[in-house]
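Colleague: Could you have a look at this structure, given as structure tokens, before my questions?
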Amino acid sequence: MQKALRLALGAMIAVASLSTHAGACTRDTVPGAEATIDPARLNQPLLDAAIAAEVNYQRCRHGLTALSGAPALRDTALGHAEWMASTGTLSHTSSRPGRATVKARILASGLRVRRGSENIARVALYKVEGRTGYRIADAAACAFTTPAGQPIGRHSYGSVAGYTVGLWMASPDHRVNILAGKYRMAATAMAVDPTGRACGSLFIAQNFAG
């Protein structure tokens, strides 16, 4: 009974500590993140910064230090995102020589690291996901509306970052990468598959290293 009480008390203290710490956390403001994504001119540094703001906010809420960026890691993520978009395949394994696996890609970055992992996602370019249905007003013009008739536009860098990290946090396998204390850097990139559902899919790859 005493042991059980100690365990319960320990859990209560841990929860209280987490709640207090989480309340002090804020998302970094990313200048330009409200810009609508133009599939013909992707801004990789802006996406990377927007995703990092969301990821580091989640890490702060769990008492973890922020991850730093790494251009070499972003290049690694971009290569895999482009492969996924070109093949229409959401996978951690690719057919790229020397970069077929997560481990091979992390090592190919040239960074001096001991461990790494990867999160990936496929998200519609237009904000048609995560809602209770949508209507196609004009498929050729990529015109979508809510069931009530409100226009649905393309994602901004900020909205796609929030939506994607939300998906990852809801998935145990992706969440564990975001909240791993063993990593010290992360970077993200994306590529477009214009043939994807609802006028295009964004393939997003995020690499962690430590």
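Throughout, read-outs are computed from the coordinates displayed, never taken from laboratory work. These numbers come from a predicted model, not from an experiment. We place every Cβ from the backbone using ideal geometry, glycine too, and count neighbours over all the protein chains shown.
Colleague: Determine, for GLU54, GLU34, the number of other Cβ atoms within 10 Å of each Cβ, and report the residues in order from fewest to most.
Modeller: Result, fewest neighbours first: GLU34, GLU54.
Colleague: Could you size up the charge dipole of the stretch 96-151 around its Cα centre, putting +1 on the beta carbon of Lys and Arg and -1 on that of Asp and Glu, and report it in debye to the nearest 20?
Modeller: Approximately 580 debye in magnitude.
Colleague: If the only charges are +1 at each Lys and Arg Cβ and -1 at each Asp and Glu Cβ, what is the size of the charge dipole of the chain around the Cα centre, to the nearest 20 debye?
Modeller: 820
Colleague: At most 11 other Cβ atoms within 10 Å and a DSSP loop assignment: could you name the trypsin sites (Lys or Arg not before Pro) in the stretch 21-85 that fit?
Modeller: ARG41
Colleague: Sticking with this one: Compute the orientation-averaged projected area for the stretch 36-209 from the convex hull of its Cα atoms and round it to one decimal in nm².
Modeller: The directionally averaged projection comes out at 10.0 nm².
Colleague: Looking only at the chain, where both bridge partners belong to it, what percent of the DSSP beta bridges are antiparallel (to the nearest 5)?
Modeller: Percentage antiparallel, nearest 5: 95.
Colleague: Take peptides 197-204, 44-51 and line them up by average Cβ neighbours within 10 Å, highest first, as a rough protection proxy.
Modeller: Result, highest mean first: 44-51, 197-204.
Colleague: Rounded to the nearest 500, what is the 222 nm mean residue ellipticity of the chain from helices alone, with -39500 (n - 2.57) per DSSP H run of 4+ residues and division by all residues?
Modeller: Value at 222 nm, helices only, nearest 500: -13000 deg cm²/dmol.
Colleague: Please report the relative contact order for the stretch 36-209, taking Cα pairs under 8 Å with a sequence separation of at least 6, and give it as a percent rounded to a whole number.
Modeller: The value is 37 percent.
Colleague: Now, a different point. Label point 7 Å out from ALA24 along Cα-to-Cβ: which residues of the stretch 55-90 have amide N under 13 Å?
Modeller: Zone members listed by number: 60-65.
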